[in-house]
1. In segment 43-108, which chymotrypsin sites (Phe, Trp or Tyr not before Pro) are in a loop and have at most 14 other Cβ atoms within 10 Å, using DSSP for the loop call?
2. Report the GluC sites (Glu not before Pro) located in segment 1-55 that are in a DSSP loop and have at most 13 other Cβ atoms inside 10 Å of their Cβ, or state none.
3. In degrees between 0 and 90, to the nearest 10, how far off the longest principal axis of the chain does helix 59-68 point, with axes built from Cα atoms?
4. Nothing charged except the Cβ atoms of Lys and Arg (+1) and of Asp and Glu (-1): what's the magnitude of the dipole of the chain about its Cα centre? Round to the nearest 20 debye.
5. So which of 8/104; 8/106; 84/105; 8/61 end up more than 25 Å apart by C-alpha?
6. Restricting things to Cα coordinates, could you compute the convex hull volume per residue of segment 2-107 in Å³?
7. Check the cysteines of the chain one by one and keep only those with no other cysteine Cβ under 4.7 Å from their own.
8. Pop out the ³J(HN,Hα) list for segment 24-36 in order, Karplus 6.51 cos²θ - 1.76 cosθ + 1.60 with θ = phi - 60°, rounded to Hz; leave Gly and Pro as x.
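Taken together, the values in this text are just the output of simple stated rules run on the coordinates, not laboratory data. All values reported here derive from a predicted model rather than from experimental measurement. Please note: Cβ atoms are built from the backbone with ideal geometry, for glycine as well, and neighbour counts cover all protein chains shown.
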Amino acid sequence: MRASEILKTFGLGELICYCSKVFEGEIKWAIRREFAETVDDVSRRTWACDGFCNGILCMKKVQKILETEGKNPDIKNFVLRREKLLYPVRKYNEELWNEFEEFKKKVL
Ligand code: FES
């Protein structure tokens, strides 16, 4: 990754994805320089939303950045695909699962 170029262009910004340690500047780089249009695109280019919690804690922030950049994040499809990966979370972390369920209700 071109860390110094990203820092010069967009700065570090807020830590967006705690699991994969992805900062706002990296997400803006993915959107403006690597043509990311959706949450899935950002995830593939940066590993945001692809860490231990599978995006439960950061997908809303990525969605907001994409919308601010004038993109359609396609969050519905991302949530539907992630739901199957999150079944272990439902079993072992009820609080996190409930947060996901609340967010899912809002976007579907
Ligand atoms: S905070 Fe981004 S995957 Fe967990």
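1. Numbers: sites: 47, 52, 78, 92, 97, 100, 103; in loops: 47, 52.
Answer in residue order: 52.
2. For GluC sites (Glu not before Pro) across segment 1-55 that sit outside H, G, I, E and B with at most 13 neighbouring Cβ atoms in 10 Å, the list reads 14, 34.
3. 40
4. On the way: 21 positive and 18 negative charges, 30 e Å.
So the magnitude is around 140 debye.
5. On the way: 8/104 36 Å; 8/106 36 Å; 84/105 16 Å; 8/61 22 Å.
Among 8/104; 8/106; 84/105; 8/61, the Cα-Cα distance tops 25 Å for 8/104; 8/106.
6. Values: hull volume 9.3 nm³, N = 106.
Convex hull volume per residue, Cα atoms: 87 Å³.
7. Cysteines of the chain left without a disulfide-compatible partner: 19, 49, 53.
8. Each residue of segment 24-36 in turn: 3, x, 5, 5, 4, 4, 4, 6, 7, 10, 10, 6, 5 Hz.
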